[in-house]
1. Could you tell me how far the Cα centroid of segment B:362-406 sits from the Cα centroid of segment A:14-79, in Å?
2. For segment B:3-294, give the share of DSSP beta bridges that are antiparallel, in percent and rounded to the nearest 5; count only bridges with both residues there.
3. Applying 1/(1 + (r/R0)^6) with R0 = 30 Å to the Cβ-Cβ distance of residue B:250 and residue A:12, what FRET efficiency is obtained, to the nearest 0.05?
4. Let's test the formula: R0 of 25 Å, r as the Cβ-Cβ distance of residue B:111 and residue B:363. What FRET efficiency results, to the nearest 0.05?
5. Determine the distance separating the Cα centre of segment B:20-98 from the Cα centre of segment A:123-158; give it in Å without decimals.
6. Relative contact order for segment B:427-478: what percent, with Cα pairs under 8 Å and sequence separation of 6 or more?
7. How big is the C-alpha Rg of the protein assembly as shown next to the rule-of-thumb value 2.2 N^0.38 Å, as a ratio?
8. Would you mind telling me the antiparallel percentage of the DSSP bridges in segment A:10-330, rounded to 5?
């Protein structure tokens, strides 16, 4: 993980449900999840293959675009990358008066903190002032997003983790009884953490013949409804969506450990995760600091393969706000 | 009690592609363990499957040859189970949306006085999947080795309807599929090496009942003889069970050829739930009509077409037509030697082909490696017709040509000339030989005069031997 206090100017991080944008938001850096299929997953250790995207973490949107131009494009080693050429992104002066900005109602969660809410509203005002048409939109299936994500995540994780047996590489336990089954069982029991174990168990449960239709298939159907929500909004003429990245600023460790992983995800990933289900590009841009001096960020989303437009909008937003990570780092 | 036997087949064929189905590792056999592998075959995290287009092409070739439907849209699924030879913990396969659907295969089931009765079986589906590695039990005292060279070799799994009713029918169907995939050049057909593996599902029911009995599966039969033995054993085992009022439980069994019995591997009630789901690493497979048309144009003329043609052109029986089209190589050889030969002598040509040439051709799977060229063969036959050499000498010459591997058509006459193998038809020379034989075989002569007509053949045989096979047998018997 990139850390804004570290010296790196650019880093990569996988983004399955928000793991690039989410930490970027808390740390006050730019976090970008490109459109699924525009960046190769070759070499990326899979979590949920149908949602994993290599994400980009940088201090500025310009750096982000530079990295994207290097890593985006078709790769014969990843058949899920797009076959067509991806033209490089150039950052230009963006005329906001040509843009329609959508504000999804469903993202106004009860858990949203007042400071995040204020920041969100201030960004919308900025955009309106610059001539953008800001309008309310609805993504009605957002509520079901986390549970859908949870099922698909666990199913793919259960299968992906099956290769970690200790037979060919990695940790291996000497079993108490000399059998292959026992070797596998004890090695996996020893090596996996509780979260992974619970996902493996749940995922395999959902994939059982008798459950497949009620869980896995249903989750796939809801996933396509969520993707259709986005499509409907784009077809209505909306160019980009503006939402918070996270509902709050970075929690304290004491707050964090009170919740289990499931609940953690449902709060942390609430705003970021639908973009992974829909495959669309999303970027987190730091806007200001909270009264506790913690970064508050805003997420922008655009239609699939409109990564260029998204980066241009993020670039514009960055230029409008006072947030300067370099300066902040100097002050510390 | 009358019992009806129901048999269905699941056949795995290894496709003859250069590289594996989802990785760039080469497909080859007989190499040291774990030398033909790459990170994907070992399931190193972060390496993705990339579908081999050739494997798809071969599967489509098969589909077209059996008149199946080529699915324009099919998907790959993960079949999840743990076994040490399966590095990823899942096998990439196809299930509900396979590449090939339907189709049927014809096979000869009975031959009476050279009349053929044909059978036919519908194919349910044929789908692509990856082969697993191999466990090595030798040379590791208390441990097991794993060789991943085989892991990822493309397999086409062919599933037939349960529509066969005897071991003979099932074996004939399997043989027909075997020769078809070799004919198409998509599989080397080597059963011992596991390129063509048969699983057989067998159930029995009372002949007047509609519902099927419980089926058992015999796995991994790698020879047609074992297949026939295993099916017959299994049929008798099931009949005995039912006749003794026992029930049949669904089992997976294997055949042990040493004790000639099928042996329980596992009961199906403990069978695994494979937790199939679409593999998110592989997009759906879309097949265009254009590509299918192209592949169709690359399919060689199929045996049934050649059979019809040679039956019509040469007035052959179906029996011989089948023999002459048992492989592409044989059919090629026949058609190319007959055009250089005298059609009125076709019987001799076919006799020679079946007795001498075909067994030699079958010793070697290489399509380009013929024991003798069709032209050399037709010249050899010509020298028999025109009386230059005897049939026996012709065989000797044939063996010399096989050894020399010469492509030169002149080699036939050259061998005759340099070894002076001309048939002896000159009566004065033959008479001398006959005299010698008669003077040294008084016993046979006595037998002949006491009424044993066969004794004359023995005498002629001795005379031929004395002449180093060069004596003309027709002239000899006259003398």
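No value in this document is a laboratory result; all are computed from the given coordinates. Only a predicted model underlies this, so the values are computations on that prediction, with no experimental measurement involved. Heads up, the Cβs are rebuilt from the backbone with ideal geometry, glycines too, and the neighbour counts pull from every protein chain shown.
1. Here the answer is 68 Å between Cα centres.
2. Numbers: 58 of 61 bridges.
The antiparallel fraction comes to roughly 95 percent.
3. Details: r = 51 Å, r/R0 = 1.69.
Given R0 = 30 Å and the Cβ-Cβ separation, E is 0.05.
4. On the way: r = 24 Å, r/R0 = 0.97.
Computed FRET efficiency for residue B:111 and residue B:363: 0.55.
5. 37 Å
6. Averaging sequence separation for qualifying contacts and normalising by length gives 36 percent for segment B:427-478.
7. 1.33
8. For segment A:10-330, the DSSP antiparallel bridge percentage is about 75.
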